[in-house]
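As structure tokens, the structure follows; a few thoughts come after it.
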Amino acid sequence: MPTPSVPREQFLVISALGKSPMELANVLCRASNESRCAVVTTRLTRHGEYSALVLEVTGSWDALARMEAALPALSKKHGFTANVVRSEPLESRPNALPYVAYVSAAYRPDILNELCQFFIDHRVELESLTCDTYQAPQTGGTMLNATLTVTLPAGTQISWLRDQFLDFADAMNLDALIEPWRPQNP
């Protein structure tokens, strides 16, 4: 007797760009709820006069289809743009190690791509990236602060990678630190 198949979790990843962050979040979270989808993760950031919202929602195939179908009318009515992609759950990586790299430096346009290339070369996966620039009050120079959350593959020799990263940072004239990721305490 064949065993019944277990339904796979299905996801939509929605990226939206609009001028009103509260309206953007409210409209998309409400639409998710009304479509009988559940918000799994969400990130909202402000970039100049615009806000970018990324949501991952889950639900049955018909709930996700309703959500997809509702987005064009919602984006037109509320003045935002949206892109939607179907996604699979993230593959389990039980032996991978989460780390955080912090970088501060005088701003140069090549810093972020050089950081990404370093981690690509060492087979390290990027989980999240936050970068801000600001004017240093003492000098007026443009500074960069970046935080990269990365996942080291199983079997990575941590001390070797840390030394490689610090040598790379020294060569690039970056003030940098890499340490284990720790959950934020409430």
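The values are calculated or read from the model by the stated rules, or taken from the named source; none is laboratory data. Since this is a predicted model, take the numbers as computed values, not measurements. Counting neighbours? That spans all protein chains shown, and the Cβs are built from the backbone with ideal geometry, glycine included. All accessible areas refer to the heavy atoms of the entire protein, side chains included, with ligands and DNA or RNA removed. Shrake-Rupley method; radii C 1.70, N 1.55, O 1.52, S 1.80 Å.
Out of E56, E91, one residue alone is exposed (fewer than 12 other Cβ atoms within 10 Å of the Cβ) and either closer than 19 Å to L126 by Cβ or not hydroxyl-bearing (S, T, Y) (or both). It is E91. Scanning the range 41-51 for residues that are part of a strand (DSSP E or B) and surrounded by fewer than 17 Cβ atoms within 10 Å (Cβ to Cβ), which turns out nearest to the chain's Cα centre (by Cα)? If we take residues in the range 41-51 being part of a strand (DSSP E or B) and surrounded by fewer than 17 Cβ atoms within 10 Å (Cβ to Cβ), then R43 is nearest to the chain's Cα centre (by Cα). Summed over the range 166-181, the residues that are under 16 Å from E127 (Cβ atoms), open to solvent by less than 90 Å² (accessible area, probe 1.4 Å) and of a type outside the set (D, E) give a count of 2.
With the structure loaded, tell me whether L71 is open to solvent by less than 50 Å² (accessible area, probe 1.4 Å), of a type outside the set (D, E) and within 20 Å of the chain's Cα centre (by Cα) or whether it fails that test. When the stated conditions are applied, L71 does not pass them. Report, by residue number, each residue of the range 103-114 that is in contact (Cβ under 8 Å) with a residue 24 or more places away in the chain and within 25 Å of S15 (Cα to Cα). Across the range 103-114, the qualifying residue is only L112.
For (1) under 24 Å from Q10 (Cβ atoms); (2) in contact with an Asp or Glu (Cβ under 9 Å, 6 or more places away or on another chain), each residue gets a yes or a no:
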| position | (1), (2) |
| --- | --- |
| V57 | yes, no |
| L71 | yes, no |
| T81 | yes, no |
| V84 | yes, yes |
| A101 | no, yes |
| T133 | no, no |
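Looking at the range 105-123, which of the residues that are touching a Leu at 6+ places or on another chain (Cβ under 8 Å) and closer than 22 Å to I158 by Cβ is surrounded by the most Cβ atoms within 10 Å (Cβ to Cβ)? Ranking the candidates gives L115 first. Being within 23 Å of P109 (Cβ to Cβ), open to solvent by 80 Å² or more (accessible area, probe 1.4 Å) and not β-branched (V, I, T) holds for only one residue in Q138, Q157, Q184, and it is Q138.
In a residue-by-residue description of the range 53-67, the property of being at pLDDT 95 or above and farther than 26 Å from P89 by Cβ applies to no position.
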